[in-house]
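One structure below.
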Amino acid sequence: MKFNTVIIGGGLAGLVAGISLQKAGQNTAIISSGQNALHFFSGTFESMEEPSQQLAELFSEAGIRTHYQAGVRLMPLGTFRPAALSLEDISLFPTSHFGKKVLIVNFLGYHDFFSSFLAEGLEKQGMSCRIHQLKLAQLEWLEQSPSEMRSVQIARIMDRIWDVVVQEVRVLLKDEDTVVLPQVFGLQDISVPGRIRQGIPAQVVFAGTLPPSVPGIRTQMLLKRRYELLGGTYLAGDEATGAHVHEGVVHSIVTKNLDSHFLEAGHFILASGGFFSKGLRSNPFQIQEPVFGLDVVQAADRSDWYQPDFMQEQPYMSFGVQTDAQLHAVRDGQALKNLFAVGSILGGTRPEMGTAAGLAIRSALAAVDQILRRS
Ligand SMILES: Cc1cc2nc3c(=O)[nH]c(=O)nc-3n(C[C@H](O)[C@H](O)[C@H](O)COP(=O)(O)OP(=O)(O)OC[C@H]3O[C@@H](n4cnc5c(N)ncnc54)[C@H](O)[C@@H]3O)c2cc1C
């Protein structure tokens, strides 16, 4: 199978690259073995401010609604973190004091939303909180098994019955100026968080739950749908296992499911993530990039990989594949001419591109730019 570009990894970096290349008229494939960091996404694109026109267009064409305001956002345990570009349903505040009286509403039997910790955190900031566990007949069958009472299962139901929640909260509301709800709305229907805000006569804030993240899964689904609508080939559940490289040029990659049918292309993008997504793997002696065997920037001595104090910044988190200034991946000291490494597989080696989602998006767009300039 022949493509203009083959992308390994269908997380934020791989999808941003794939959509941009398809939009530019390329024929691409994304191969993605499993879940990615978006499934755990807080809803905030760290190290990003207002998006460039190119990114704003990409998001809006995919149906992703974002906003930006310098300030802070509410964390699941009632603390606050500096804000960055965020999904529209994530509230951003100028300061960490956003109300006087807060009603925190959870659903009876749902344990992945920490309402007591949240209240404790907000009370430390001087707000007074009341917690209510809402009993909804529509969730009763989920309540029978704690393993069913998870964010995504609840979100599937909430897309249909969000107006019942609005009615219930309106009845519950006394003199509170703010209502905090778990982030389990708008999985399929992106308009739901906005409708809830319109229906409740108080400020409504959606707070994070334990993973999986409903806003993150929605973002992944919207990006993947957009990529496929543009004609991209998304090979879900397959894994790149090796590559044919000759004289510094990648010719094709080998995958688990396609057996002897190699994926050939003029360019390749490696967006397989860091340790979390198995883009990088470690054994007791070294850290490896498993598909191409790329050079990895790492401390030679294992005892320098981590700080014994768990709370300290951990050096291994900054390890990543080596590239040249144009993001060409390096193997045995030689830059591979048509292979670009993007996203969190870069570790902390690209500080000028930011961190986290900022790094994923900027590096993906930079690689796309170079591929298009050559084509
Ligand atoms: C748990 C977690 C939560 C995070 N939350 C945030 C947040 O809220 N905000 C923020 O800004 N940043 C967050 N980050 C940082 C995050 O890394 C980036 O924001 C970004 O989403 C990373 O995207 P990526 O595409 O580079 O990698 P990933 O999202 O890790 O995606 C890599 C993909 O490649 C696939 N893959 C790996 N190896 C292969 C292979 N051999 N063949 C085929 N596919 C393969 C994986 O299965 C995965 O789907 C988080 C990171 C983690 C680990």
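Throughout, read-outs are computed from the coordinates displayed, never taken from laboratory work. Note that the coordinates shown come from a computational prediction; the quantities given were computed from them, not determined experimentally. Quick reminder, even Gly has a Cβ in these numbers, built from the backbone with ideal geometry, and neighbours come from all protein chains shown.
Brief remarks on what is shown
- Whole-Hz couplings from phi, Karplus 6.51/-1.76/1.60, listed for region 3-8; x for Gly and Pro: 9, 5, 9, 10, 10, 9
- Cα gyration tensor of the chain - equivalent ellipsoid semi-axes, whole Å, descending: 40, 22, 19
- Beta bridges by DSSP in region 65-212, antiparallel share as percent, to the nearest 5: 30 percent
- Cut-off 10 Å between beta-carbons: net charge of the residues surrounding V250, Lys and Arg +1, Asp and Glu -1: +1
- Taken one residue at a time, the phi angles of region 204-210 give Karplus couplings (6.51, -1.76, 1.60, θ = phi - 60°) of 10, 10, 9, 10, x, 10, 5 Hz. Gly and Pro are set to x.
- Per-peptide average of other Cβ atoms within 10 Å, ordering 46-56, 12-22, 350-360, 88-98 highest first: 12-22, 350-360, 88-98, 46-56
- Distance from region 87-150 to region 291-333 (C-alpha centre basis), Å: 39 Å
- Geometric extent, Cα atoms of region 291-347 - Rg, Dmax (angstrom): 13.0, 41
- Diffusion coefficient of region 65-212 by Stokes-Einstein, Kirkwood radius over Cα pairs, 20 °C, 1.002 mPa s: 139 µm²/s.
- Rg and Dmax of region 87-158, Cα atoms only, in Å: 14.3, 41
- Take each peptide in 2-11, 27-36, count the other Cβ atoms within 10 Å of every residue, and average; sorted highest first, the result is 2-11, 27-36.
- Separation of alpha-carbon centers, region 248-262 and region 1-79, rounded to whole Å: 26 Å
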